[in-house]
Amino acid sequence: MKCPFCGHTEDRVVDSRVGRDGEFIRRRRACLKCNRRYTTYEYIEDVLPHVVKRDGRREPFDRQKLRGSILKSCEKRSVGVQAVDDVVADIEAKLHDRAEKEITSLELGEIVMEHLQKLDQVAYVRFASVYRQFKDISQFMDEVKHLIKDDKPAKAPPAKPKATAKR
Ligand SMILES: [Zn+2]
């Protein structure tokens with residue numbers, strides 16, 4: 001802890017007290033250099049950030065909701081539930097690393113898309129179309145084109161049968 005008086009980074013704890021209902025611990029510290037005393041508070045950090053929605057409302061990060069939307073994007077794709085759970089865990093780990101108290105739903109969407117892109121391209125496009133709220137079909141097609149470009153040797157989709165002649 002950096003001393004507020006001299007900036008030295010070593011101190012010793014001279015007193016620790018649990019505050020109120022155990023919500024925090026207060027520590028008296030003495031700077032090892034200038035010997036002045038100061039107080040620090042230790043709280044449990046909210047583990048995951050709140051999500052700030054487009055309209056400004058905030059809600060706690062909801063892993064089930066995230067999992068649900070990813071599962072939905074993966075519907076009828078050959079993506080196992082375990083793979084989806086792994087992605088959810090990766091995203092959570094990323095949020096932990098980010099260590100911010102808030103994340104906008106757009107930023108969260110970008111993180112999810114990053115992961116889905118590696119997982120399954122169709123799931124990615126499905127998710128992106130909801131999250132990015134594509135303004136029109138051309139924006140959507142641009143995204144799909146990027147995908148095709150980024151994709152390794154793109155497998156050609158099975159040719160659609162030509163319109164059958166009238167009987
Ligand atoms: Zn000091």
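Over segment 1-78, with every protein chain in place, what whole percent of the accessible area is carbon and sulfur at 1.4 Å, could you tell me?
Solvent-exposed carbon and sulfur of segment 1-78 make up 46 percent of the total.
Could you derive backbone 3J(HN,Hα) for segment 4-13 from the dihedral phi with the Karplus parameters 6.51, -1.76 and 1.60 (θ = phi - 60°), listing whole Hz in sequence and x where the residue is Gly or Pro?
x, 9, 10, x, 5, 9, 10, 8, 10, 7
Compute the accessible area per residue over segment 1-113, keeping the other protein chains in place, probe 1.4 Å, unit Å².
That works out to 68 Å² for each residue.
Quick check: pseudo-label points 7 Å beyond the Cα along Cα→Cβ at residue 86 and residue 58, how many nm apart are they?
Modelled inter-label distance: 3.5 nm.
The values are calculated or read from the model by the stated rules, or taken from the named source; none is laboratory data. In this text the structure is predicted, and so the values were computed from the model without any measurement. Glycine also receives a Cβ, built like all others from the backbone with ideal geometry; neighbour counts cover every protein chain displayed. For accessibility, only protein heavy atoms count, side chains too; no ligands or nucleic acids. Shrake-Rupley method; radii C 1.70, N 1.55, O 1.52, S 1.80 Å.
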